[in-house]
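The values are calculated or read from the model by the stated rules, or taken from the named source; none is laboratory data. Just so you know, these numbers come straight off a predicted model, no measurement behind them. Here the Cβ positions follow ideal geometry from the backbone for every residue, glycine too, while neighbour counts run over all protein chains shown.
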């Protein structure tokens, strides 16, 4: 990979075994529309197109977009877009599949929390996977409220080129609830400074029914979302 790709954080999957596992884990039916954001060199596209009714491949990098357009023109159920997928909300899809650059993982979770679809699989950095699966950060609250999450495969760094400095995890997620962008912003604000809850609750006489100073870390995900929804009315 040339140096101009390294700044995008792209590490391309080269393991056929892992590629096949991703496809099978996606559980694609003949009437599904698959969205892949960050298609890279299009390694998944022939297999996705073989199984799905339609595949929407979104690639921000113009060089990679042109590579896909010229090398996969024979796939008549493939639509290729050259844009930042996380800045668009007009995709009509049922399944999300992605092997994104690691720095895009948080954006992907937040964006997917606002979309209406069935399920998906995504390759992310192992450390980030552990954070959303087991952590108590804003992104883990969002992820576990919006999706049923499962780690389905640990992928060693040797399965990528160039080889990254970390291992990866393939997660599978099924949509539970859809959030608004405003609620996501509220949750991020809450976790950036938890005192904001007490301040806004006091200012607007919001009865939250909790001692936010001492008990916040023990709240259920649903309770934190409810607080964000209440606070969002006044932000």
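For segment 129-167, give me each residue that is at pLDDT 95 or above and either part of a strand (DSSP E or B) or at positive phi (or both).
Residues satisfying the conditions are 147, 148, 149, 150, 151, 152, 153, 154, 155.
Looking at segment 63-85 only, could you name the residues that are under 21 Å from residue 107 (Cα atoms) and either touching a helix residue (DSSP H, G or I) at 6+ places or on another chain (Cβ under 7 Å) or in a loop (DSSP other than H, G, I, E, B) (or both)? Show your work before the answer.
At the first step, the residues of segment 63-85 found to be under 21 Å from residue 107 (Cα atoms) are 64-65, 80-85.
Correct list: 80, 82, 83, 84.
Please go through segment 86-100 and give me each residue that is assigned to a loop (DSSP other than H, G, I, E, B) and crowded, with 19+ Cβ neighbours inside 10 Å, ordered by number.
First, the residues of segment 86-100 that are assigned to a loop (DSSP other than H, G, I, E, B): 88-94, 99-100.
93, 94, 99, 100 - these are the residues of segment 86-100 that are assigned to a loop (DSSP other than H, G, I, E, B) and crowded, with 19+ Cβ neighbours inside 10 Å.
What is the residue count in segment 27-52 for residues that are without any contact (Cβ under 8 Å) to a residue 24 or more places away in the chain and not in a loop (DSSP other than H, G, I, E, B)?
1
Among the residues of segment 137-144, is there at least one that is surrounded by 13 or more Cβ atoms within 10 Å (Cβ to Cβ), touching a residue at least 60 places away in the same chain (Cβ under 8 Å), over 21 Å from residue 43 (Cβ atoms) and assigned by TED's automatic domain parsing to the domain that holds residue 44? Even if it seems obvious, please write down each step before you answer.
First, pick out the residues of segment 137-144 that are surrounded by 13 or more Cβ atoms within 10 Å (Cβ to Cβ): 137-144.
Filter again for touching a residue at least 60 places away in the same chain (Cβ under 8 Å), leaving 141, 144.
Subset that is over 21 Å from residue 43 (Cβ atoms): 141, 144.
Narrowing the set further to residues that are assigned by TED's automatic domain parsing to the domain that holds residue 44 leaves 141, 144.
Yes, that holds for at least one residue.
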